[in-house]
Amino acid sequence: MSMTVVEKVLARATGSSRVEVGDVVAPSVDLAMSHENAALVINQFHEVFRGTGLTPKVWDSSRVAIVLDHRVPAESAKTATNQKKIREFVAKNGIEKFHDVRGDQGGICHQILPENGYVKPGFVVVGTDSHTTSHGALGSFAFGIGATEMASVWALGCVLNVEVPASIKINVTGSLGKGVTAKDLVLRVVGELSAKGANFRVIEYHGETIRNLSTSGRLVICNMAVEAGATAGIVPPDEETVRYLREETGAIVEEDLIHPDPDAVYARELEIDVSDLAPQIACPHRVDNVKDVTEVLGQSIDQVVVGSCTNGRLEDLSIVARTLRGKKLARNVRMLVFPASWKIYREALAEGYLSDLIEAGASIMNPGCGCCLGVHQGALGDGEVALSTTNRNFKGRMGNPNGEVFLCSPAVAAASALKGAIADPREMES
Amino acid sequence: MATVLPEETPQFAFADDEELNRKLRSGEIQKSSVIVAGSNFGSGSSREQAASTLRGYELIVVARSFARIFLQNAINLGLQTVECPEIEAELGHEIEITPTEVVNKTINRSFHVIPLPASRREVAEAGGLIPYTRQRVLQKALHETIGLESK
């Protein structure tokens, strides 16, 4: 049959036996997600229906998810009023997959979706957020769209005019060394491909290194696929996908998981051996400005951020807590920790990680992603430098065009927070 | 920026280039002026505001290549985009855009254009995704009313 994973997903979603690169299709959507920008989508949605005499109603409320996470709790009257507008829309349309600012349901959208079992292998997932690509970790075709496009999805239940993208196959071999993680792998991929190297393509990950990654690690490598310009990242579903869904969400997925055909055609094939991969740093002000940590050792830092949809999971908090346990942050550093969901927050609390972090001097923040994009909690002062486990470091990203952001893994963030400057976690005593 | 409406955005166009921003806001740069850009124009966000700020001034963007989500958003919002991989132009040059090429009249050279795929042209011709979707919503409602299966 010679199709890649995404080609197979699109064939299923359009009711065809096959699709080819370049075909223009209108796949039906299994899950449509928005966060605070649902307020914009609602505007555009009402515009679609203006003058038609029809009542605006989403095509299938069970397939719409809305998560408040960018400005939580609201920092201004305008945001609070937008959130109120969203609540009214949710109630009117009977949207159950709504995650408000509450400890028993809240968190960052790209953690909330997998955690609640909203994503299944083979799904078409769209979101009004670039990092919607995260959900390829569960074998879905997941990509970001604009607010107007989402209004169209809400009205019709499908994405119009999707050109079937070609795929880039990345085969990853070797074992990640001590102190080296999935974040370092994806930074390496972005550095190698560049910010436009995967434009209009899907990155399909293969190899023993990928098979051995937990779902948490797979979420990282799919999350940042967009930073190489990719439409999506995807990990073909396997036993780990089945295990994650069963243990985390209680969902039992069918065994009929999508695999690429042995003779599938790829636009490009890349081999990456991680055996000698050093921790990677994305330096200001581009995500593809990637260097080995050894090249930036000693760079002074003011604010360390652990969290976001990229690295706010229990695995990440565990690494940071273990590194900081019994020690203190350097005097010149402040550390902000944003667990990716309240569920993770509770788990970290039960494991004692939060006390370890607080005693070391970190500030534990409520789950949310405002800091990453400089709209809430944790702006930088003029001339300040942040070291962050988030996913973007464009000029002005963390709230100040006169600040700088270096991107890294949780292991590097922790080691550096102790030193007060960028440090190599491999040089720490275990 | 997540909750800023399209109408509220034009004053932010090229905000980090004070002079350009000022010229846009004062009207010194007229409607239908062209921005000529290099490759991967629009990279870095799924937010429509990047396209709506430019649409607010009725600018046309000619670029060597575009980032995916920006291009999609631009077409959806009715911002005119022209993919011209070899374009060369300096500030102040006069250019003419046709369906197949961009002519730089000042240096007397023309450059080929990669046309929009037919499906996207339909959206652009409808005036953007909202009118295009509205047509389909009405079609769907009509089919349901007269008992036909929706497509």
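Since every read-out is calculated from the coordinates, none of them should be taken as a lab result. Quick caveat, the model's predicted, so the values are computed rather than measured. FYI the Cβ positions are ideal-geometry reconstructions off the backbone, even for glycines, and counts take in every protein chain you see.
Here the sum of -39500 (n - 2.57) over DSSP H runs of 4 or more residues, divided by the residues of chain A, equals -9000 deg cm²/dmol at 222 nm, to the nearest 500.
Which ordering of A:59, A:154, A:342 is given by a fewest-first count of other beta-carbon atoms within 10 Å? Result, fewest neighbours first: A:59, A:342, A:154. Shielding by partners for peptide A:49-59, expressed as the average number of C-beta atoms from other protein chains within 10 Å of each residue's C-beta, is 2. On a 26 Å Cα-Cα criterion, which of the cross-link pairs A:57/A:196; A:97/A:343; A:84/B:23; A:84/A:120; A:183/A:327 come out too long? Pairs exceeding 26 Å: A:57/A:196; A:84/B:23; A:84/A:120. Summarising the amide proton neighbourhood of residue A:388: residues at separation of 5 or more, or on other chains, whose placed amide H is nearer than 5 Å comprise A:305, A:406, A:407, A:408. Backbone amide hydrogens, once placed in the peptide plane, bring residue A:420 within less than 5 Å of A:330, excluding anything fewer than 5 places away on its chain. For the stretch A:406-411, the Karplus equation 6.51 cos²θ - 1.76 cosθ + 1.60, evaluated at θ = phi - 60°, returns couplings of 9, 9, 7, 8, x, 5 Hz by residue, with Gly and Pro reported as x. On the principal axes of its alpha carbon atoms, the stretch B:12-151 extends 59, 31, 26 Å, with the longest extent given first. For residue B:41, the residues whose modelled amide H falls within less than 5 Å of its own, excluding neighbours fewer than 5 places apart on the same chain, are B:65, B:66, B:67.
Per residue of chain B, the DSSP helices (runs of n ≥ 4 H) give a summed -39500 (n - 2.57) that works out to -10500 deg cm²/dmol at 222 nm.
Helix B:129-145 and the longest principal axis of the Cα set of chain B meet at an angle near 10°.
Springs join every pair of Cα atoms under 10 Å in this Gaussian network model of chain A, and among A:414, A:155, A:142 the largest mean-square fluctuation is at A:155. Other residues with beta-carbon under 11 Å from the beta-carbon of residue A:72 carry, at +1 per Lys or Arg and -1 per Asp or Glu, a net charge of -2.
For the stretch A:5-92, GluC sites (Glu not before Pro) are listed when DSSP marks them as loop and at most 16 other Cβ atoms sit within 10 Å of their Cβ; the list is A:20, A:75. Ignoring lysines fewer than eight residues from residue A:395 along the same chain, none have Cα atoms less than 17 angstrom from its Cα. For chain A, taking the reciprocal of the average inverse distance between every pair of different Cα atoms yields a Kirkwood hydrodynamic radius of 21.8 Å. Within 12 Å, Cβ to Cβ, of residue A:373, how many net charges do the neighbouring residues add up to if Lys/Arg are +1 and Asp/Glu are -1? Net charge around residue A:373: +1.
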